[in-house]
Amino acid sequence: MNIAIVYSSMSGNTEEVASLVETAHIERGDHVALFESDRIGHREAAALASYDLVYFGSYTWADGVLPDEMKDTFRLILKELNVPIRQAAVFGTGDKMFVHFCRAVDEMAYHLSKYGIPLAGELLKIEQSPRNQPYNVRHWAERLARNAEEGVYANDHSKDQTTVAQTS
């Protein structure tokens, strides 16, 4: 499978999750391309249509906000270019001390569903860093890859399950 991972990271936690997802797919024999959201231009955005599964990952900024660089990326991909992404997956990092823990994950899933992009499985929310439980991220990525290969879609986002990996 051809996999793209588009992510935005401030502290490095979301980048770590993206790296674990990348490793899980490489070990499966998949081709993986990593994109930092603030480096997505028209050519990179249009190319996302050629991938079998596109992951979107972001941290949650302040008290529940999707960072500007990811908002701009979504605007380009979904509104301006209307890129026909086959399947998507969403992950993010946050801190449970904030009321809206990992709200950026929910916002990304909402926008994808609004534009008819099917999700390959449940959302992944990581409290801070995945360092203490990398196997949770890798198992999640493997499960979503199997779903994508089998054509399993989670279209009803109101019933989406969310996997939360804690670092305690």
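Read the figures in this text as sums done on the coordinates, not as results from a lab. Not measured: the values here are computed from a predicted model. Every residue, glycine among them, receives a Cβ derived from its backbone with ideal geometry; neighbour counts consider all protein chains shown.
Assorted remarks:
- For segment 45-56, 3J(HN,Hα) computed residue by residue from phi via the Karplus equation (6.51, -1.76, 1.60; θ = phi - 60°) reads 4, 4, 5, 4, 5, 8, 8, 6, 8, 10, 8, 10 Hz, glycine and proline entered as x.
- Computed from the C-alpha gyration tensor, the three semi-axes of the ellipsoid equivalent to segment 2-165 are 20, 18, 16 Å, from longest to shortest.
- Among 32, 105, sorting on how many other beta-carbon atoms sit within 10 Å of each Cβ, with the fewest leading, yields 32, 105.
- Here the chain carries DSSP beta bridges of which approximately 5% are antiparallel, counting only pairs with both residues inside.
- Cβ crowding within 10 Å averaged over residues, with 137-145, 91-99, 54-62 ranked highest first: 54-62, 137-145, 91-99
- Fully extended contour minus Cα-Cα distance, from residue 114 to residue 131, at 0.36 nm per residue: 2.9 nm
- Computed over the chain, relative contact order equals 23 percent, with contacts defined as Cα pairs under 8 Å that lie 6+ residues apart.
- 115, 51 arranged by Cβ crowding within 10 Å, fewest neighbours leading: 115, 51
- Per-residue Cβ neighbour rank within 10 angstrom, fewest leading, 125, 71: 71, 125
- Once the Cα-Cα distance is subtracted from the 0.36 nm per residue extended length, the residue 82 to residue 27 segment shows a gain of 16.7 nm.
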